[in-house]
Every structure is written in C-alpha cells, then in structure tokens.
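Trainee: Got a structure for you, written out below as structure tokens; questions coming shortly.
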Amino acid sequence: MARVVVVGAGVGGLATAARLAAAGHTVTICEQASEIGGKLARFSLDGFSFDTGPSLLTMPDVFADLFAATGAPLGDILELRRLDPITRNRFADGTVLDAHADDNAFTAELDAVLRPGSGEQWGRLAAHAERLWEATSGPFLAAPNAGVRSLAGLALRRPGDISTIAPGLTVRGLGRRHLTDQRLRMFLERYATYTGSDPRQAPAALAAIAHVERCYGGWYIPGGLHQLGQAVADRAVCRGARLLLDHQVVAITRNAGGRVTGVQLAGGRGIDADLVVSGIDARTVYGILAPHRRAQRRLRRAPASLSGFVLLLALRGRTPDLAHHTVLFPAENDGEFDAVFGGRLATDPTIYISAPDDPALAPPGCEAWFVLVNAARHITAPPRDAATPRPARGGTGTGPVGGPVNRGVDWDRPGLADAYATQVLALMAERGLDVRARLLWHRVITPADLERRTGAVGGAIYGTSSNGVRAAFLRPGNRSPIPGLFLVGGSSHPGGGLPLVAMSAKIVADMIGPA
C-alpha cells in the first residue's frame, strides 16, 4: 500500500484517485479551489446554470470502464442522453448543415445541403478516419507515451499503418485530398481546434476524432456535464480517498536523492507521500511545484494550445428550432487561426453555442447559453516603465514559468473583455442569432480567468497543441523524470478532452499498480 497525494481535483486527478483508492492505496486529493471539477465546472445565478467547460461527452465507454472498475456501473449513477444532431452548422452563405448521429442520415444531408457527391466524399474520409483511429488508439492513446519509439514500433509491427497515419500530412491537407466543398473542409478542420491545434499544422491523424464522435456518439447528461465530475469525486471518496478543498499545493517535496516525499501546502503544512500524482498543468509542475530543467526545455519546444473566450448568456424567451450545439462559421477561417495562434484578437471567429433544452438549467420560458470562441492565450503585459520592452504582437517567446508560448493577449486590460463580448454578440446577430434584446444578463470568462481558476498557464485549455509532426511526442509523459511523480490530465499524455483525460488516469493507475 502506497500513500498517494493527488494534486488537483479535475477529472483526471479524480479518476486516478478513484482507481488507486479502489486498488487499496491511501489517497489524499488536494484542490486549491472550493469546488471540484477543474475545467469541468459550473456557474449558477438567478435560476440559470451553465457548464463552463466541456459541453459534449464522447466515448462514454471510457467512463463506463472507470465506474465498473471502481464500483457500481455508470448507468446506476447518471443518465446519458445521445444527441441528434451532434451539431448544427451554419455557414456564412446561409447554409445550415445538421451533423446527424446516423451515418446514412448525415450522408443524405451532405448531398442535399451541400452538393451531390459530398456524402460519398465524406464517406471515404470517414473510412480513412476509422483506419487512423485503429492505428493510433492502441499504441498511442491507451498506452504510455514512448515518444518516437511508438512510431518506430508501429512501423515494425504494422508497417501499413504508417502510410495511413501519414506523419507529414496535416488536417487541412487531408481535407483537400478528400473534400471539394470548402464548407465541408471547414467542418473537418474544427476537429483540430477540438484539441487546441491549428489544422494547417496539426497532423492528419487528428481526423480520427471525426470517427470517434460519429462512432461513439455525442452525449449529454441531463442537469449538466459537471455532474460527471461530481460522480467521479463521489466514487473516489466512497472508495476511501480523502478530498481536501481549499488546500493549495505550493511545492512537491523531494529528498536528497531527488525522490518525491510529499507536498507542501500554502501556510506551511506538509503531507507526506510515497507517490504524487499531479493533475494540473505540466508547465506549472515543472516550472514551480517541482522545478526540472530538462522537462522545462522539452516543454519549450512544444507549442501551447489555444485558449477560449466564453460568454454565459441568461436569455428570456425561447429560440425556435434551436439545436443543442450550434456552430457559426465565418466566411473563411485563416484569419481566425492567424490571430489566435499569433497572439491577437480574432475579429471574425468561429462561434460555438451550447444551448441544452434542459429545464434544470433555466427558469421556465428562459434559456441558458454557453458561447465559446477560440482565443489567444493570456499574457500579463509588463509595466510601461519596465526595463524589458513590451514584446511585439505575434511570434513566440518564453512564458512566466519557462514555458513556450505563442504571444498572447492581456485579457486583464481594462475594458477589453466587455468590448469583445459586445463584438461577439454582434457577430452572432450578423449570422442569424440575435439575442441582444432578450439578454437578461451575461458573464464573461477570459483566458486570464481560466488561468487563475485552473492553473492552466495562459489559459491554454489543452496545455500543448498538436501543431507539427513532433508535437504529440513532446507532450509530457505520465511517468515524470522525477522519481515518484506522475502526471495526469489534459496537459500530459494522451491529451485534453474528457475521454482522453480518463484514459490518462487509467494509464497512471496501471503504472502504479495495486497495493
């Protein structure tokens, strides 16, 4: 039996704690906030309630496995509702495309709404995406990160899969190879931004997400997805884990030989441990909590992911024929990608709206909308009289904990967030969803807010992006170079998003093993 401290009560940390507690270890979870969930959080006011993080669940079998391995089945705890359509997509020319959950219905929709033959083209791409998933899910996602050795091993075992993965091909390149309609290409490229990446640089292997979403479906939990985090926390505590809220870890302690000995909390108190599992941003871990130069150098080579600008809208009245998830596309998206990855405000971004038809989330006759646009990460602007000149916008640099960053936006600049909220609402109106006259109140969540609440450096939602051929291999591994320290969650292998974070937890729990 090992004494384990888990740093952070996000889904990754909670899922690891549940598995380790069920395996017989003594587990303590330390969370700096007053609530659990990390990015899977909730905001409630005046009878309105919003999920402020993930709003779509895919691969529910990953969570079914977690609950089955630690106690009662998932179905005994939560109701999962499959969505159809998964998204409603509105393009700048007025085209409305429903991404139906049924493949045949989606193919027919493509032919009817876009142009004849679009369904067949998507079918070929979908078949390729399925092969990508089969090639990558085992050796890359469900197993520890072995770096480029994973690719070499795959070449020896299944050489045909290397040509399927096509390491030098980007998501955009794959779209151009298979799809002739620009609107359908834009639809495909959103699967790259799902992981905080630029489709012009991200590897074509990310198209496997398209297969995952359509094969495993898009799901919602009535009452809000935040309930999933609470259910995992309850399972961890039920199996014996101790959950400490308002307990900020300020250092991971080590002995003279460099091995982990526990954690130090704000205020000076320490907790002894044989092992520490960190579920917070890897840049914070290696830059502040457990400084490690080699790990920092590796992270400097990994491009940061994009962030997000969020509006929570409390609306009177009901919107007719509103889908659960709606995507409003601009006329072109290169300007958006140039901005968010170059450290500037996107003037014409893609707008994502989650508006569940759920009476638990809003008063009668009202709606609660979660609105998200891709955004550049947060940087704190230096004082005007600072010795170091203010960097020009665009380009790359070094972050506050030695992390590699795209230049970003100072989201704390007075008036910026409110002005951008007004701009996003105006863009929504231009694209056919004008809710300004129905707006009771709104709240803004900026990348700076996200950084403060979750510890994600710059508010980079997914830690590092998948931009570039080597990016996936630069993502921090689950077994740290510091003996006794493990990493879990979206900033470590295999990446961000609810199912991958849960897979990360299983990898770590399997590494540690039973008591």
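The values are calculated or read from the model by the stated rules, or taken from the named source; none is laboratory data. Note that this is a predicted model, so its numbers are computed, not measured. So basically every Cβ, Gly included, is an ideal-geometry build from the backbone, and we count neighbours across all protein chains shown. Keep in mind that these areas ignore ligands, DNA and RNA; they rest on the heavy atoms of the full protein, side chains included. Shrake-Rupley method; radii C 1.70, N 1.55, O 1.52, S 1.80 Å.
Listed here are the residues, each with its yes/no results for (1) within 27 Å of Phe370 (Cα to Cα); (2) small (Gly, Ala, Ser).
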| site | (1), (2) |
| --- | --- |
| Ala23 | no, yes |
| Leu56 | yes, no |
| Gly75 | yes, yes |
| Pro85 | yes, no |
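Trainee: Just give me the residues in the range 58-82 being of a type in the set (A, V, I, L, M) and more than 20 Å from Ala17 (Cβ to Cβ), in sequence order.
Mentor: Step one: of the range 58-82, the residues of a type in the set (A, V, I, L, M) are 59, 62, 64, 66, 68-69, 72, 74, 77-78, 80.
Within the range 58-82, Met59, Leu80 qualify.
Trainee: Okay, moving on. How do the helices (runs of 4 or more DSSP H) wholly within the range 118-237 filter down when requiring 2 or more residues that are open to solvent by 10 Å² or more (accessible area, probe 1.4 Å), among the basic types (Lys, Arg) and at pLDDT below 95: which remain?
Mentor: Here the list reads 148-157.
Trainee: In the set Pro320, Pro359, which member is at pLDDT 95 or above and either open to solvent by 10 Å² or more (accessible area, probe 1.4 Å) or of a type outside the set (A, V, I, L, M, F, W, C) (or both)? Please lay out each step first, then the result.
Mentor: Numbers: Pro320 fails: at pLDDT 95 or above.
Testing whether each residue is at pLDDT 95 or above and either open to solvent by 10 Å² or more (accessible area, probe 1.4 Å) or of a type outside the set (A, V, I, L, M, F, W, C) (or both) leaves just Pro359.
Trainee: Does Ala273 fit the bill of being farther than 30 Å from Gly173 by Cβ and crowded, with 19+ Cβ neighbours inside 10 Å?
Mentor: Considered against the rule, which asks whether it is farther than 30 Å from Gly173 by Cβ and crowded, with 19+ Cβ neighbours inside 10 Å, Ala273 comes out as yes.
Trainee: Please go through the range 240-265 and pick out each residue that is hydrophobic (A, V, I, L, M, F, W, C) and either open to solvent by less than 60 Å² (accessible area, probe 1.4 Å) or in contact (Cβ under 8 Å) with a residue 60 or more places away in the chain (or both).
Mentor: Correct list: Ala241, Leu243, Leu244, Leu245, Val249, Val250, Ala251, Ile252, Val260, Val263, Leu265.
Table: residues versus (1) under 14 Å from Cys30 (Cβ atoms); (2) more than 20 Å from the chain's Cα centre (by Cα).
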| position | (1), (2) |
| --- | --- |
| Ala251 | yes, yes |
| Leu265 | yes, yes |
| Asp272 | yes, yes |
| Ile280 | yes, no |
| Arg298 | no, yes |
| Ala304 | no, no |
| Asp321 | no, yes |
| Thr326 | no, no |
| Ala331 | no, yes |
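Trainee: Residue under question is Phe106, and the condition is that it be farther than 30 Å from Ile252 by Cα, modelled with pLDDT of 95 or more, open to solvent by less than 20 Å² (accessible area, probe 1.4 Å) and not in a helix (DSSP H, G or I); does it hold?
Mentor: Criteria not met by Phe106.
Trainee: Does Leu311 satisfy the criteria of being in a strand (DSSP E or B), within 21 Å of Tyr462 (Cβ to Cβ) and at pLDDT 95 or above?
Mentor: When the stated conditions are applied, Leu311 passes them.
Trainee: Give the residue, chosen from Gly459, Gly496, that is under 30 Å from Ala68 (Cα atoms) and crowded, with 23+ Cβ neighbours inside 10 Å.
Mentor: After ruling out the rest, the residue left standing is Gly496.
Trainee: From (1) free of Cβ contacts under 8 Å to residues at least 24 places away in the same chain; (2) farther than 20 Å from Gly38 by Cα, pick out the condition that doesn't hold for Val237.
Mentor: Looking at each condition in turn, Val237 falls short on (2).
Trainee: Still on this structure, please answer the following. Output the number of residues of the range 287-297 satisfying the condition of being within 22 Å of Ala376 (Cα to Cα) and open to solvent by 70 Å² or more (accessible area, probe 1.4 Å).
Mentor: Residues in the range 287-297 being within 22 Å of Ala376 (Cα to Cα) and open to solvent by 70 Å² or more (accessible area, probe 1.4 Å): 0 in total.
Trainee: Go through the range 47-105 and count every residue that is touching a His at 6+ places or on another chain (Cβ under 6 Å) and farther than 30 Å from Gly117 by Cα.
Mentor: 1
Trainee: Looking only at the range 292-300, decide whether some residue is farther than 23 Å from Ser480 by Cα, among the polar types (S, T, N, Q) and part of a helix (DSSP H, G or I).
Mentor: no
Trainee: Of all residues in the range 370-420, which are open to solvent by 40 Å² or more (accessible area, probe 1.4 Å), among the acidic types (Asp, Glu) and at pLDDT 50 or above?
Mentor: Within the range 370-420, Asp412, Asp418 meet the criteria.
Trainee: Look at the range 462-490 and say how many of its residues are buried (at least 23 other Cβ atoms within 10 Å of the Cβ) and β-branched (Val, Ile, Thr).
Mentor: Of the residues in that region, 2 qualify.
Trainee: Do any strands (runs of 3 or more DSSP E) entirely within the range 1-81 hold 3 or more residues that are touching a residue at least 60 places away in the same chain (Cβ under 8 Å) and closer than 24 Å to Ala290 by Cβ, and if so, which?
Mentor: By residue number, 3-7, 26-30.
Trainee: Next question, about the same structure. Does Glu367 count as on the phi < 0 side of the Ramachandran plot, open to solvent by 10 Å² or more (accessible area, probe 1.4 Å), modelled with pLDDT of 95 or more and not in a loop (DSSP other than H, G, I, E, B)?
Mentor: Answer is yes for this residue.
Yes or no, residue by residue, for (1) of a type in the set (D, E, K, R); (2) under 17 Å from Arg185 (Cα atoms):
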site	(1), (2)
Gly75	no, no
Arg82	yes, no
Ala99	no, yes
Glu109	yes, yes
Glu120	yes, yes
Thr136	no, no
Phe140	no, no
